[in-house]
Amino acid sequence: MRVLALVPGGIERQLEFFPVLSQIKDALETAEIAVVVDPGAKEIYQLSKAVTEVVPYSFQASNSPADWANLLGILRDREYEAVLTLTDSWSIGLLLWLSGIPTRVGFGGGANGLFLTDTVPRKANQPLAQQYGDLLQAIHLPSQLARPSINVPQSDLAAVEALRQTANLRDGYVLIYPSSTATGDSYPVASWVQILQDFQQRQPTLPVVLVKTPATAAALAPIQASLPHLTVLEPETMGQLAALLAGANLLIGVQGYPLTLAAALGVYALELSPAASDLPLLEQDRRVQVTSSTGKLADIAPDAVLKKVWSE
């Protein structure tokens, strides 16, 4: 059976959908599963065993008729038997109707009532896992989701093991991911330095590692200037980031996909967030939020972060 899923959004949204894909694969062992995702999120599927094909498509962009027709051609050529879509746009609904896929399932609303064969109510007050479970029930599959299954390629495990040996990291470490929010809000360097100094004083033998990616590069330089002896590691792929996270005792970072990935790997994650948000049901035992009362990251006191760290 060939199954397709259309999952717009960034890497975090894809990770939240991983349990659905795993559930389909577990229930239909011979299923071939493909996903259509935004190009910037494609790399995360290196970590999924369930998916056999990833088709990039910019859901939010103003796609040309040629882009739309190309996607339609791909869907017709693959002869999928069922599709789950998280979209409700007219263009995607029409595309799915024209594709000839016999079972087309999504949430109610928008154009879905016209173009899909089955819709389920979008219950915003329910945890995301339950909403996705409703989609699975619509294609007659079990709705109880498990924690996301993350498959790290062996080459990435080996590369990160080499990095750890070079950095003399043997018995666990704390990872720091000082990125910004989607709106560009960042945590002050002075506050990061205060937190890191506290770690050095309380746990001088526990390594603290700064993760260098394009999202954290701006904050790293001033942090390193204040604390030049901290270890900095730069994963080159999504798989290497996952391998680095898997070996950590704790991740502290600004809200974003590394927190979701850490929780999926069973690693405790402490999230700095400008406002409280509902954590995915499957992450609540591994991911803890420290939020601002003003809506600004800068107003989260380092002492509030440290209190949460040392009390957990």
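The values are calculated or read from the model by the stated rules, or taken from the named source; none is laboratory data. As the structure is a computational prediction, the values presented were derived from the model and not from experiment. Using ideal geometry, Cβ is built from the backbone for each residue, glycine included, and neighbour counts are taken over all protein chains shown. What goes into the accessible areas is simple: the full protein's heavy atoms, side chains included, and nothing from ligands, DNA or RNA. Shrake-Rupley method; radii C 1.70, N 1.55, O 1.52, S 1.80 Å.
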Original post:
Of the accessible area of the chain, with the probe set at 1.4 angstrom, what percent is carbon plus sulfur?
Top reply: 49
Original post:
Short version: ³J(HN,Hα) in whole Hz for each residue of the range 35-44, in order, from phi by Karplus 6.51 cos²θ - 1.76 cosθ + 1.60 (θ = phi - 60°), x for Gly and Pro, what are they?
Top reply: 10, 10, 9, 5, x, x, 9, 4, 4, 5
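Could you calculate the contour length gain from Thr117 to Ala167, that is, 0.36 nm times the residue separation minus the distance between their Cα atoms, to one decimal place in nm?
12.5 nm is the gain from fully extending Thr117 to Ala167.
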Subject >> Normalised contact order of the chain, rounded percent, pairs of Cα under 8 Å and 6 or more residues apart >> reply: 15
Original post:
Hey, what did the range 213-268 get for relative contact order, percent, Cα under 8 Å, at least 6 apart?
Top reply: 28
**OP:** Counting only C-alpha contacts under 8 Å and six or more residues apart, can you give the relative contact order of the range 170-270 as a whole percent?
**Re:** 36
**OP:** Over the chain, average the accessible area per residue using a 1.4 Å probe and give it in Å², no decimals.
**Re:** 46
**OP:** Please give the contour-minus-distance gain from Ser62 to Gln289: 0.36 nm per residue of separation, less the Cα-Cα distance, rounded to one decimal in nm.
**Re:** 78.2 nm
Original post:
In degrees, nearest 10, range 0 to 90: what is the angle between the Cα axis of helix 217-226 and the longest Cα principal axis of the chain?
Top reply: 10
Original post:
So which residue, out of Gln194, Gln240, Gln131, gets the largest mean-square fluctuation from a GNM of the chain using Cα contacts under 10 Å as springs?
Top reply: Gln194
Original post:
Relative to the Cα centre, what is the charge dipole magnitude of the range 17-127, using +1 at the beta carbon of each Lys and Arg, -1 at the beta carbon of each Asp and Glu, and rounding to the nearest 20 debye?
Top reply: 260
**OP:** Quickly work out the Thr181-to-Ser155 label distance, labels modelled 7 Å from Cα along the C-beta direction, and quote it in nm with one decimal.
**Re:** 3.8
**OP:** Label the range 1-108 by shape, choosing from rounded, prolate and oblate, from the square roots a ≥ b ≥ c of the eigenvalues of the Cα gyration tensor; if a/c is under 1.5 it is rounded, and otherwise prolate applies when a/b is larger than b/c, oblate when it is not.
**Re:** oblate
